[in-house]
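Participant: Take a look at this one; I'll ask things after.
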Amino acid sequence: MIPGTPYPLLAWMKRAEPDRYHAIRHFFMAKDYVNYRLTGVVATEESDLSFAPCDFRGRRKSEEFFTAFGIEEMSTRLPTVGVSDGLLGTV
């Protein structure tokens, strides 16, 4: 596991900075933030599920990983997951 991936960072933030942690509305990768700023769409895509708690075979998030890291409430804060070659929005 890469230390900079969302689940260990979120688990650390929950312990070290609980006020900031509870204020999180969405979490995603840097490219998703750029997409959000360009399109206004809060989303991620399936290739990034390798960096977020996921079910690789089902290509969806895995509740078990959220539970394992003690960050169950973040499950609802992972944005919609689209297919890698899908259209996200327009500029």
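Participant: What residues qualify as long-range amide H neighbours of Asp55, i.e. H under 5 Å apart, gap of 5 or more or another chain, H built at 1.01 Å from N?
Facilitator: Under 5 Å from the amide H of Asp55: Arg60, Lys61, Ser62.
Participant: Oh, and also: Excluding ligands and nucleic acids, what accessible area in Å² is computed for Glu45 using a 1.4 Å probe, to the nearest 10?
Facilitator: Accessible area, nearest 10 Å²: 30 Å².
Participant: Next question. Based on the Kirkwood radius over alpha-carbon pairs, what value in µm²/s does the Stokes-Einstein equation return for the translational diffusion coefficient of the chain at 4 °C and 1.567 mPa s?
Facilitator: D = 95 µm²/s.
Participant: Then there's this: Counting only helical runs of four or more DSSP H residues, what would the 222 nm mean residue ellipticity of the chain come to if each run contributes -39,500 (n - 2.57) and the total is spread over all its residues?
Facilitator: Counting only the DSSP helices, I get -10000 deg cm²/dmol.
Participant: Also, quick follow-up: Evaluate E = 1/(1 + (r/R0)^6) for Val91 and Met29, where r is the Cβ-Cβ distance and R0 equals 25 Å; express this FRET efficiency to the nearest 0.05.
Facilitator: Here the calculated transfer efficiency is 0.85.
Participant: So with the 1.4 Å probe, I'd like the accessible area per residue for region 32-74, rounded to whole Å².
Facilitator: With all protein chains present, region 32-74 gives 62 Å² per residue.
Participant: Of the chain, which part is the longest with no trypsin sites (Lys or Arg not before Pro) in a loop (DSSP not H, G, I, E, B) and with at most 15 other C-beta atoms within 10 angstrom?
Facilitator: The answer is 60-91.
The values are calculated or read from the model by the stated rules, or taken from the named source; none is laboratory data. Keep in mind it's a predicted model, so treat the numbers as computed, not measured. Here the Cβ is made from the backbone with ideal geometry for all residues, glycine too, and neighbour counts use every protein chain on show. Each accessible area value is taken on the protein alone, full model and side chains, heavy atoms only, with ligands, DNA and RNA left out. Shrake-Rupley method; radii C 1.70, N 1.55, O 1.52, S 1.80 Å.
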